[in-house]
Amino acid sequence: MDITCMIPVVKTPQDYQAYRISPNDTNRLAIVFDSTTADMSLTYCVEIFDVGGKTPPNRHQLAVEMFFVLKGEGLASCDGKTVSIQAGDSILVPATGTHVIENTGADRLYALCIMVPNEDFAELIRSGTPVELDAEDLAVLRRSDRLIPS
């Protein structure tokens, strides 16, 4: 019986590497895990949308992309169907679905984003311009923006 245990990889928001894929993009992606760190074909990141920000229309040949909205509100569109989204909502985009996520709220929109398989998504993100996560981003990622004084 093999009783070996792999030590889990643990990261904090200070460890996340954030990028803007194209200079004029209105969203940033902070990579949490990817094929390199997870030793499996996936990309797990936090996508941060500026006020009025959105992704360009995009699709994936093989990958399924999933989003979980952490904070904010917006619209999610896939193949011509659009739904409103807000904190707590989940979105599942099938492979080949042309999709857009848009921030329609008064504040930033934050969403966990998981793509399986990776389909070179992490490599695309890392090919962009590195950016820093600011105090607001770190507060949301640490959920300290929700702390209620006792």
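No value in this document is a laboratory result; all are computed from the given coordinates. Bear in mind the structure is a predicted one, so any value in this text is a computation, not a measurement. Note that we place each Cβ from the backbone using ideal geometry, even for glycine, and neighbour counts take in every protein chain shown.
Tally Lys/Arg at +1 and Asp/Glu at -1 over every other residue whose Cβ is under 13 Å from the Cβ of residue 49; what's the total? Display every interim value, and only then the final one.
Details: positive: 20, 28, 54, 71, 108; negative: 25, 47, 50, 73, 102, 107, 136, 137.
Net charge around residue 49: -3.
Cut-off 13 Å, label point 7 angstrom out along Cα-to-Cβ of residue 124: give me the residues of region 75-103 whose amide nitrogen falls inside.
Only 95-101 pass the distance filter.
Please report the relative contact order for the chain, taking Cα pairs under 8 Å with a sequence separation of at least 6, and give it as a percent rounded to a whole number. Show your work: numbers first, answer last.
Values: 327 pairs, mean separation 43.3, N = 150.
Relative contact order comes out at 29 percent.
Give me the net charge of residue 59's neighbourhood, meaning all other residues with Cβ under 13 Å from the Cβ of residue 59; Lys, Arg count +1, Asp, Glu -1.
On the way: positive: none; negative: 65, 79, 119.
Combined, the nearby Lys, Arg, Asp and Glu give -3.
Got a sec? Charge dipole of the chain, +1 on Cβ for Lys and Arg, -1 for Asp and Glu; which of 42, 61, 110 is way out at the positive end?
Farthest along the dipole direction, towards plus: 110.
For a quick check, take a GNM of the chain with Cα springs below 10 Å and name the residue from 79, 39, 89 with the largest mean-square fluctuation.
The residue that fluctuates most here is 39.
Given only helices, namely DSSP H runs of n ≥ 4 each adding -39500 (n - 2.57), what is the per-residue ellipticity at 222 nm of the chain, to the nearest 500 deg cm²/dmol?
Details: 3 runs with 17 residues, N = 150.
That comes out to -2500 deg cm²/dmol.
Provide the gained length on full extension for the span residue 10 to residue 37, in nm with one decimal, where the gain is 0.36 nm per separating residue minus the Cα-Cα distance.
On the way: separation 27, 0.36 × 27 = 9.72 nm, distance 1.02 nm.
Full-extension gain reported as 8.7 nm.
To the nearest 20 debye, what charge dipole does region 19-122 have about its Cα centre, counting +1 at the Cβ of each Lys and Arg and -1 at the Cβ of each Asp and Glu?
Working: 7 positive and 13 negative charges, 37 e Å.
Here region 19-122 has a charge dipole of around 180 debye.
Residue 81 versus residue 24, label points 7 Å from Cα toward the beta carbon: distance in nm?
With each label placed 7 Å out from Cα toward Cβ, I get 3.2 nm.
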